[in-house]
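These notes are about the structure you will find just below.
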Amino acid sequence: MAGVLHQLVAGLATGGIYASVALALVTIYRATHHVNFAQGEMATFSTYVALTLIEAGLPYWIAFALTVIASFVTGVVIERLLLRPMARAPALSSVGVLIGLLLIFNSLSGWLFGYAIKTFPSPFEATTAKGLLGGYVSAHELGATAVTLAMLLGVFLFFRHTKLGLAMRAAAYNPASSRLVGIRVGRMLAFGWGLAAAIGAVAGMLIAPVVFLDPTMMGGILLYAFAGALLGGIDNPLGAVLGGFAVGVIENLGGAYVVGTELKLTLALLIIVGVLLVRPAGLFGRALVTRV
Amino acid sequence: MIAGRAALLAGTTVLLAPLFLFTDYHLFELTLAIATALAILGLNLVTGHTGQISLGHGAFYAIGAYVTAILMADYDVPYWATLPASAVVCAVVGFAIGLPALRLRGHYLALTTFALAVAMPQILKYRGLEGLTGGVQGIVLAKAGPPFGLALTPDRWLYLFALAVAAPLFLLVYNLARGRIGLAMAAIRDHPLAAEAMGIDLARLKTGTFAISALITGIAGSLGAIAVQFVAPDSFPPLLSIFLFVGLIVGGIRSEAGAVIGALFVQFVPDLADQVSKAAPGALYGLALIAVLYLMPQGAAGALRRALAPLLHLRSGGAPAAGTGGRRANPGGTRHVE
């Protein structure tokens, strides 16, 4: 029983990371109907930037903040430069551009920072060395989950209670009408990309102390996040977050008791295929109706 | 007629010339390029012609390679006899994956097939299959030599063998794409609903295309395994699928010549770029991918054809716009979800 509890808590901790990346994916999907294949590599790159800043002597949280801002700007620039012209192109073209981005960011990480596996510092480990809550949770897991939840809450409040958040939701929901009431739709889409890149950067920095940093760090994580986003409903941010947590728990429990750790990624594949076949809208998503 | 024969003669000369001009090692690389071209040809059919984006064709390549390796190592089947088996297995797997793929379009299908590519090495490493797949260690194969005591080095023979396998498959796709089925595939790609209304059996054609595409890519995997004489789970990382995708776009998504150009690009550009940095090939692939999508959406083959058309007085054949610009979003405020 204690084992199950431990797996459950660990699942929730990694689930928080999946939830963040899932949220980033949903933010972009809602705005442009693109599945951002480069999300993981972009987050990895951001994490390397953070490591460089920390190694240059900056305090952790200042490096953290600078990285988030830099990632936001990068996201905005990428949307403006590369994806805007593809907004009306067929899916193959946008998938191609996103895959191109994936390759470029992956190479940049390796090129600039090397392929060796690196450790990434955690701001929480210094406070308590041993496990909390009866040994079930490490200080980092607890701290990372707290940061994740705070971020998710912040994003939620932003979308719900700010004028900018409302404008972004409107631009995603109905671009034509939004434009008519004076919302700069293009700017909102770019802002959405920036936000997604920033969320991804936070997720990268929080998971790096656990899985260690190398250019392919986010590959598997991206897949779980996709699974989580689909499970919750890819057009529903709250659903995607819950889906991310659920996938974290399923992955840990499934890995420990059902399929074994070797087939964990296959589990993500099964969740993706299962959701798309049984309930393509996800648990909380709206069923999609297309007028023809 | 005479022009056709001349072209055939010229083509054969170009294909056979490396036998006399190149070293064994370079021929070995060319053999791999042929395998890659075949793999891209399979992708050509499903992504280029039918419009189903696959980022997971490396998985079929891996399955083909493993079928050949297992048959050769465990059952002493001669290398050439493994190809039909690998074709059948891959066609069945392709059909099985084509079934759920029926319900997915655009980015969703790309995502699902990508998940397959990511999961593939893990499945191959799985301990329950270790007896068959050799686990992480993989399988080492014997070198395939020339038959009938031909005075050829094995690498030279394998180059010929790969050519002989690839030629009929290229012919198959060429004819498929230009016949009745090719028209049906174009209709499905450009307007599935209208195609269905015209009486095209969407499900049958899509799953059928997936099966044939997987079959071709699987045979490519078999050729690759025979040439490399080794298979292991990490020979087939998710990046393999992405490289095939890069080759598809760079060459030209609906062109048989494009499959060859794309394969040569994927095969030989890294060799050159590698001298700059370990990261350079990936960066170059990425840049090439984006540049091609923006600058020549019909790929290198399309650009070449346009450049050569005035010289050769080729009929343009009304080649439909590939890549970008095909389908526009509906103006009436309806939203297409890919």
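With 10 angstrom as the radius, rank A:Ile28, B:Ile123 by how many other C-beta atoms surround their C-beta, starting from the fewest. Each step should come with its number before you reach the end.
Details: A:Ile28 25, B:Ile123 20.
By the 10 Å Cβ count, ascending, the order reads B:Ile123, A:Ile28.
For A:Leu276, the shell of other residues with beta-carbons less than 13 Å away shows a net charge of +3, using +1 for Lys and Arg and -1 for Asp and Glu.
Note on B:Lys143, B:Lys125: ascending count of other Cβ atoms within 10 Å places them as B:Lys143, B:Lys125, the fewest first. Using only the Cα atoms of segment B:23-236, build the gyration tensor, take square roots of its eigenvalues as a ≥ b ≥ c, and label the shape rounded, prolate or oblate: rounded if a/c is under 1.5, else prolate if a/b is larger than b/c, else oblate. Oblate, since a/c reaches 1.5 and b/c is not below a/b.
Students often get this wrong: which residues of segment B:141-184 have the backbone nitrogen under 17 Å from the point 7 angstrom along Cα-to-C-beta of B:Phe20? Backbone N within reach: B:151-153, B:156-157, B:160. For segment A:198-240 and segment B:1-54, what is the separation of their Cα centres, given in Å? So the separation of the two Cα centres works out to 40 Å.
Ignoring lysines fewer than eight residues from A:Lys118 along the same chain, the ones with Cα atoms less than 26 angstrom from its Cα are A:Lys130, A:Lys264, B:Lys125, B:Lys278.
Quick one: Cα centre-to-centre distance for segment A:1-52 and segment A:62-89, in angstrom? Between the Cα centre of segment A:1-52 and that of segment A:62-89, the gap is 17 Å. The distance from the alpha carbon centre of segment A:142-194 to that of segment A:104-124 is 30 Å, rounded to a whole number. Site pair B:Leu287 and B:Ala81 shows an inter-label distance of 5.0 nm when each label is modelled 7 Å from Cα along Cα→Cβ.
Here the dipole of segment B:1-132 is about 520 debye; that uses its Cα centre as origin and unit charges on the Cβ of Lys and Arg (positive) and Asp and Glu (negative). Return a whole-number percent for the relative contact order of segment A:2-219, with Cα pairs under 8 Å and 6 or more residues apart as the contact set. Reported relative contact order: 43 percent. GNM remark for chain A: springs join alpha carbons under 10 Å apart, and the peak mean-square fluctuation among A:Leu58, A:Leu12, A:Leu267 falls on A:Leu58.
For segment A:2-219, build the charge dipole from Cβ charges (+1 Lys, Arg; -1 Asp, Glu) around the Cα centre, then report which of A:Ser20, A:Phe191, A:Trp111 sits farthest towards its positive end. Comparing the listed Cα positions along the dipole, A:Phe191 ranks first.
When chain B is treated as a GNM with alpha-carbon contacts under 10 Å, the residue of B:Tyr75, B:Tyr294, B:Tyr108 showing the greatest mean-square fluctuation is B:Tyr75.
Over the alpha-carbon set of the protein assembly as shown, divide Rg by the Kirkwood Rh and report the Rg/Rh ratio to two decimals. Don't skip to the end; give the middle numbers.
On the way: Rg = 25.1 Å, Rh = 25.6 Å.
Ratio of gyration radius to Kirkwood radius: 0.98.
The calculated Kirkwood hydrodynamic radius for segment B:1-108 is 16.7 Å, given to one decimal from all distinct C-alpha pairs. The fewest-to-most ranking of B:Met198, A:Met205 by surrounding Cβ atoms within 10 Å reads B:Met198, A:Met205.
Rule-based calculations on the coordinates, nothing more; no lab input. As the structure is a computational prediction, the values presented were derived from the model and not from experiment. Glycine gets a Cβ as well: all are built from the backbone with ideal geometry, and neighbour counts include every protein chain shown.
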